[in-house]
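Below: one structure, written as structure tokens.
The values are calculated or read from the model by the stated rules, or taken from the named source; none is laboratory data. Owing to the predicted nature of the structure, the values given are computational and were not obtained by experimental measurement. Cβ atoms come from the backbone with ideal geometry, glycine included; neighbour counts cover every protein chain shown. Each accessible area value is taken on the protein alone, full model and side chains, heavy atoms only, with ligands, DNA and RNA left out. Shrake-Rupley method; radii C 1.70, N 1.55, O 1.52, S 1.80 Å.
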Amino acid sequence: MENAPDAVEIVRWMRKPGDKPIIKFVTFSILAVILWLILMIFMPALRNAVPASIFIAVFAAILTIPTVVAQRNLVRGLAKRINDTLTELTGSPDDKISTKQLRKLIKSGEQLPLLINGVPGLRLHVKRVASAKEDGSEKLLAVITVAPVSSGTASFDRLLEAALYG
């Protein structure tokens, strides 16, 4: 995360989002084509293009559904954890992030500025990061940092104390 050198990281979450549904769908479509070729020998009705394409699409879609559900649950769970932390830090239950906003932050890489009792200083940054391991898997990294306000370090010390200890 690109944070200011004087910013302090308060919370960090890192989770692996799992496989991409498009890749799973293509993989299962290839498997469905192989299965269709085998079934075509025993079931003459599958020798037509329309039933074959319906079989391939439905087979791949049914096997891809768990991946889509897992990714939705991951984003919902991350949004819930972020919202719980934001409620603790800001003291306001109105400061919540929706799953739609979270997905937008992941795609854009932007930082979301947040207020503590009307004072700016918190920033939420969520992005995908590549793993340093050989498998090259991605992870979602969500970080909430507190940065000094322009009015000086005394204000920053009070802001940090408020953020950490309520």
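Condition check ((1) open to solvent by 30 Å² or more (accessible area, probe 1.4 Å); (2) within 12 Å of the chain's Cα centre (by Cα)) across all residues:
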site: Asn73; (1), (2): yes, yes
site: Asp84; (1), (2): yes, no
site: Thr99; (1), (2): yes, yes
site: Val126; (1), (2): no, yes
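In region 101-124, the qualifying residues are those that are at pLDDT below 80 and of a type in the set (Gly, Ala, Ser), and the one that is surrounded by the fewest Cβ atoms within 10 Å (Cβ to Cβ) is Gly118. Per the conditions (1) closer than 23 Å to Val69 by Cα; (2) open to solvent by 90 Å² or more (accessible area, probe 1.4 Å); (3) in a loop (DSSP other than H, G, I, E, B); (4) at pLDDT below 75, the sole criterion not satisfied by Glu134 is (1).
Filtered by the rule that a residue be more than 18 Å from Lys139 (Cα to Cα), in a helix (DSSP H, G or I) and not charged (D, E, K, R), region 72-100 gives Asn83, Thr85, Leu86, Thr87, Leu89, Thr90. Checked against (1) touching a helix residue (DSSP H, G or I) at 6+ places or on another chain (Cβ under 6 Å); (2) open to solvent by 40 Å² or more (accessible area, probe 1.4 Å), Pro66 passes all but condition (1).
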